[in-house]
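Visitor: The structure that follows is given in the form of structure tokens.
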Amino acid sequence: DAGVTQSPTHLIKTRGQHVTLRCSPISGHKSVSWYQQVLGQGPQFIFQYYEKEERGRGNFPDRFSARQFPNYSSELNVNALLLGDSALYLCASSLWQGSGEKLFFGSGTQLSVL
Amino acid sequence: AQSVSQHNHHVILSEAASLELGCNYSYGGTVNLFWYVQYPGQHLQLLLKYFSGDPLVKGIKGFEAEFIKSKFSFNLRKPSVQWSDTAEYFCAVNPNSGNTPLVFGKGTRLSVIA
């Protein structure tokens, strides 16, 4: 079975641009979460979506937005990119929402903002 | 807000040495506890988890972790490490209620040398 897939794997943008990152969850998983991992830090929660609705949001500015589609895939959008947005963006899927759900992570999108 | 502290940034061990990685969290209520591992070039994957019951949890590849509630700790152990255990290890926690996201520690990089 295919795991969580993310695209693109690498991306280079300049300050002020916007970016869209994509995630396809494991088949049958209805929940998708996004995390930002800055070099030397652990992943930090950005969003969770379940059944196409936002179910949780981390401490990130409004420049960050996301959505989930009827097929449960998801997009993360970041507008007005800043140098500090350079990070590995991880998508994780799980069967359900809920605090005890096991997360399955993708390999991430490495975003570099110049 | 809850937080997770991993005491060691980088641990270097020889093969067959014993391993213990520290993890402490700050949250007064009931929690779910996780250890995730990221092997070089691979995605984050679950090593083990604790929800309730026996505080000594066994995971994959010979790893175990002990939940000590009084110390707010969930240390990861392995009696004898192998070169293939070289990876980044992340402790994570979320309250056992509602739909709360995982909070990760900063990670501990383990290097096992022959």
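The values are calculated or read from the model by the stated rules, or taken from the named source; none is laboratory data. Predicted, not measured: the structure shown is a model, and the values here were computed from it. Here Cβ is always computed from backbone atoms with ideal geometry, including for glycine, and neighbour counts include all displayed protein chains.
Visitor: Could you tell me whether A:Y72 is within 13 Å of another protein chain (Cβ to nearest Cβ), of a type in the set (F, W, Y) and under 15 Å from the mean Cα position of the chain (by Cα)? Can you show your working first?
Guide: Values: within 13 Å of another protein chain (Cβ to nearest Cβ): no; of a type in the set (F, W, Y): yes; under 15 Å from the mean Cα position of the chain (by Cα): yes.
Here the answer is no, as A:Y72 does not meet what is asked.
Visitor: Can you give me the number of residues within region B:17-30 that are more than 14 Å from every other protein chain (Cβ to nearest Cβ) and within 17 Å of B:A87 (Cβ to Cβ)?
Guide: Total meeting the criteria: 5.
Visitor: Any idea which of B:L76, B:L46, B:L33 is part of a strand (DSSP E or B), among the aliphatic types (A, V, I, L, M) and more than 13 Å from every other protein chain (Cβ to nearest Cβ)?
Guide: Working: B:L46 fails: more than 13 Å from every other protein chain (Cβ to nearest Cβ); B:L33 fails: more than 13 Å from every other protein chain (Cβ to nearest Cβ).
Only one candidate qualifies: B:L76.
Visitor: Further, regarding this structure: Cβ-Cβ distance below 6 Å, separation of 6 or more or different chains: which pairs start in region B:54-68 with a residue that is farther than 16 Å from B:A92 by Cβ and end on one that is aromatic (F, W, Y) and surrounded by 12 or more Cβ atoms within 10 Å (Cβ to Cβ)?
Guide: B:P55/B:F67
Visitor: Shifting gears a bit: Across region B:20-37, what is the number of residues that are crowded, with 18+ Cβ neighbours inside 10 Å and either touching a residue at least 60 places away in the same chain (Cβ under 8 Å) or basic (K, R) (or both)?
Guide: Going through region B:20-37, the residues crowded, with 18+ Cβ neighbours inside 10 Å turn out to be B:21, B:23-25, B:31-37.
Filter once more, so that each one left must be either touching a residue at least 60 places away in the same chain (Cβ under 8 Å) or basic (K, R) (or both): B:21, B:23, B:25, B:31-34, B:36.
Number satisfying all stated conditions: 8.
Visitor: Which ones in region A:7-60 are free of Cβ contacts under 8 Å to residues at least 24 places away in the same chain and touching a Gly at 6+ places or on another chain (Cβ under 6 Å)?
Guide: A:G42, A:F45, listed by residue number.
Visitor: Considering only residues that are within 10 Å of chain B (Cβ to nearest Cβ) and not in a loop (DSSP other than H, G, I, E, B), look in region A:92-114 and name the one that is surrounded by the most Cβ atoms within 10 Å (Cβ to Cβ).
Guide: Among residues in region A:92-114 that are within 10 Å of chain B (Cβ to nearest Cβ) and not in a loop (DSSP other than H, G, I, E, B), the one surrounded by the most Cβ atoms within 10 Å (Cβ to Cβ) is A:A92.
Visitor: Could I ask something else about it? Just for strands (runs of 3 or more DSSP E) wholly inside region A:16-83: which have at least 2 residues that are more than 15 Å from A:G108 (Cβ to Cβ) and modelled with pLDDT under 95?
Guide: In region A:16-83, the matching strands (runs of 3 or more DSSP E) lie at A:44-50, A:53-57.
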